[in-house]
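Everything below concerns the one structure shown next.
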Amino acid sequence: MGRARFRFHGDLNDFLHSQRRSVWLDYEFRDRLSLKHAIETFGVPHPEVGEPSDLNRPLRDGEEIEVRPRLYPVPPNGQWRFVLDGHLGRLAKYLRILGFDTLYEAGADDRRLADAAAAGRFLLTRDRSLLMRRAVVHGLLVRHDEPRRQLEWLAARLGLWGAAEPLRRCLRCNALLEPVAKEKVWERIPPKTRLWCNEYMTCTGCGQLYWPGSHYERMQAWIRALRAKNE
Ligand SMILES: [Zn+2]
């Protein structure tokens, strides 16, 4: 029989009952097991953990382990690549509005999500057991129910605002947009919009037509306010 103690810090405490937060927790174990396994028995998924950094090493008798959240660095050029589970459709749309590469399919099963995560995408999910899958390297459990709060939380947690580039990506299919001449899409522009707008974009994936204000209008003020608050 081995004995160890664990103490969880920061937002890892979101996974623990209130009386177990930020205090030393006793842990008894019989067989040889990894730190990852031991930490996940507390309900804390391994992609959330920054320290200890080597989770694959065996837990030793008598150890006292301080467990701290993982702080994900902003990738080069702010090129976040996300994959979201089927419960997070609104959040996926918000991330695309902000220009982030966001894989989302309403009916995607766990296997497909885990494969996308294994291929290097950052998994955002409401499903703790999915986040605990071995194949998942980078990811977070989305903490809130309400989509706008989800985005506020995520943007603050990952520092997304600095890397956001609105009006860059298709809300429907995630492909990049490219500028298109007004004459070329004249027939597709609502007559009232033709009067005031001269800049148009089309999706390189599905062909959807965009212009400043179209699908983004109601979001713009909110995004500006959030950015101002966080910069
Ligand atoms: Zn598209």
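The numbers here are math on the coordinates, done by the rules we state, and not lab data. Since the structure is predicted, the reported quantities are computational estimates derived from the model, not experimental observations. Here Cβ is always computed from backbone atoms with ideal geometry, including for glycine, and neighbour counts include all displayed protein chains.
So is Leu140 closer than 18 Å to Arg90 by Cβ, away from the ligand (no atom under 16 Å from the Cβ) and surrounded by 11 or more Cβ atoms within 10 Å (Cβ to Cβ) or not? Yes; evaluated as a whole, the condition is true for this residue. Looking across the range 1-41 at every residue that is in contact with a helix residue (DSSP H, G or I) (Cβ under 7 Å, 6 or more places away or on another chain) and assigned to a loop (DSSP other than H, G, I, E, B), the one that is surrounded by the fewest Cβ atoms within 10 Å (Cβ to Cβ) is identified as Ser22. Among the conditions (1) part of a helix (DSSP H, G or I); (2) touching a residue at least 24 places away in the same chain (Cβ under 8 Å); (3) more than 16 Å from the ligand (Cβ to nearest atom); (4) more than 30 Å from Asp109 (Cβ to Cβ), the only one that Glu165 does not satisfy is (1). Step by step: first the residues of the range 61-106, then only those that are of a type in the set (Phe, Trp, Tyr) and not in a helix (DSSP H, G or I), then the one that is nearest to Trp222 (Cα to Cα). Which residue is that? If we take residues in the range 61-106 being of a type in the set (Phe, Trp, Tyr) and not in a helix (DSSP H, G or I), then Phe100 is nearest to Trp222 (Cα to Cα).
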